[in-house]
Amino acid sequence: MDSKWMLAEMTQPAAETALGKGTAILVTGSVEQHGGHLPLGTDAIAALTIALRVAERIEAPVLPLSPVGVAPYHLPWAGSLTLRPETLIALMVDVCGGLAAAGVRRILVVNWHEGNTPSVRLGADEMQRQHPVRVIVAESHVITNSLYPDEMEFTHAGAMETAAVLAHDPGLVDIDQLTGGDPVNEGTKGHALFRRRDVFPVMKDFREVAGTGWYGSPDSVNEARAREIIEEVADHIVTSMDEISTALVDRQPEPEEEER
Ligand SMILES: [Zn+2]
């Protein structure tokens with residue numbers, strides 16, 4: 001997907017003008033195995049394609065922070081890569097310095113990878129402590145699943161992730177290479193253990209979820225439907241950002257309270 005909103009593809013004067021409007025978008029994804037039918041960078045591509053759609057709507061530049069995310073539990077499969085959590089946090093805080101200096105006061109982080117979530121929260125907190133910015137996080141995989149819970153199953157390398165890659169570049173999906181993943185009910189059961197909110201284990205190896213590395217129904221989605229869904233996800237992020245920004249304005253501490 002072509003876009004005029006990629007910060008690194010802008011000239012300096014164009015970037016200065018765009019950033020001066022006050023908002024920037026950071027993209028976090030992952031490079032990890034997704035079976036034989038989806039690229040390693042599925043999570044990075046998914047987050048980027050949604051971020052670029054958001055950028056069109058809010059006219060803000062997009063900075064892909066690092067295609068590699070925090071995914072140590074995928075390392076048993078060659079080609080999977082990981083950052084240490086502290087590396088991702090440092091990347092967020094470091095680039096925030098340049099963004100803040102250019103006048104950015106609101107940063108949207110578009111993430112598509114569960115393994116990044118704890119680091120993204122810590123990174124966002126640290127960005128806000130060190131710089132005069134407000135960070136808003138969009139968990140785009142969570143949004144896709146919650147908007148279409150039946151169609152966009154919360155699997156690994158299944159319908160939801162295939163839709164996101166199809167929406168970006170259908171040439172990157174190779175459905176002919178689909179080789180048997182784990183049964184969907186088995187993978188879902190395994191994943192649910194790690195997704196418990198009260199008492200939960202922390203994943204060491206994705207084989208604890210699915211021995212084949214993936215489960216889901218990647219062949220249940222077509223290109224046109226995929227694009228429709230991903231546009232809706234971008235709309236949802238923009239609406240939510242507006243709601244949050246408005247609600248927070250009403251809840252700002254009084255100036256004299258701030259000085260105390
Ligand atoms: Zn993924």
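The values are calculated or read from the model by the stated rules, or taken from the named source; none is laboratory data. Source: prediction; values computed, not measured. Every residue, glycine among them, receives a Cβ derived from its backbone with ideal geometry; neighbour counts consider all protein chains shown. Heavy atoms of the whole protein, side chains included, go into the accessibility calculation; ligands, DNA and RNA do not. Shrake-Rupley method; radii C 1.70, N 1.55, O 1.52, S 1.80 Å.
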### Summary
When segment 176-194 is checked residue by residue, the ones that are within 16 Å of the ligand (Cβ to nearest atom) and closer than 17 Å to LEU40 by Cβ are LEU178, GLY181
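Just to check your reading of the model, which residue among ILE50, ILE58, ILE45 is away from the ligand (no atom under 15 Å from the Cβ) and touching a residue at least 40 places away in the same chain (Cβ under 8 Å)?
Unique residue meeting the criteria: ILE58.
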### Pairs, first under 18 Å from ALA164 (Cα atoms) and within 14 Å of the ligand (Cβ to nearest atom) in segment 21-37, second among the acidic types (Asp, Glu) and in a loop (DSSP other than H, G, I, E, B), C-beta under 8 Å, six or more apart
HIS37/ASP174
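Take GLU259 and decide whether it is modelled with pLDDT of 95 or more and of a type in the set (Asp, Glu).
Taking the combined requirement at face value, the residue does not satisfy it.
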### Task
Residues being touching a residue at least 60 places away in the same chain (Cβ under 8 Å), in contact with a Pro (Cβ under 7 Å, 6 or more places away or on another chain) and open to solvent by less than 70 Å² (accessible area, probe 1.4 Å): count how many of those fall in segment 174-214.
3
### Query
Given the conditions (1) within 14 Å of the ligand (Cβ to nearest atom); (2) open to solvent by 60 Å² or more (accessible area, probe 1.4 Å), which single one is not true for SER146?
(1)
### Message
Checking the condition open to solvent by 30 Å² or more (accessible area, probe 1.4 Å) and among the small types (Gly, Ala, Ser), which residue from GLY79, GLY103 passes?
### Response
GLY79
### Query
Only one of (1) under 21 Å from the mean Cα position of the chain (by Cα); (2) touching a residue at least 60 places away in the same chain (Cβ under 8 Å) fails for GLU243. Which number is that?
(2)
#### Entry: Test for GLN12: is it at pLDDT 95 or above, farther than 23 Å from ALA102 by Cβ and among the polar types (S, T, N, Q)
no
### Query
Taking segment 164-173 only, how many residues are open to solvent by 30 Å² or more (accessible area, probe 1.4 Å) and either in a helix (DSSP H, G or I) or modelled with pLDDT under 95 (or both)?
4
### Task
Looking for whichever is modelled with pLDDT of 95 or more and surrounded by fewer than 24 Cβ atoms within 10 Å (Cβ to Cβ) here; the options are LEU38, LEU26, LEU19, LEU48. Which one fits?
LEU19
### Query
Restricting attention to segment 61-76, which residues are within 13 Å of the ligand (Cβ to nearest atom) and either of a type in the set (Phe, Trp, Tyr) or modelled with pLDDT under 95 (or both)?
TYR73
### Task
Just give me the residues in segment 90-118 being within 16 Å of the ligand (Cβ to nearest atom) and more than 22 Å from VAL238 (Cβ to Cβ), in sequence order.
GLU114, GLY115
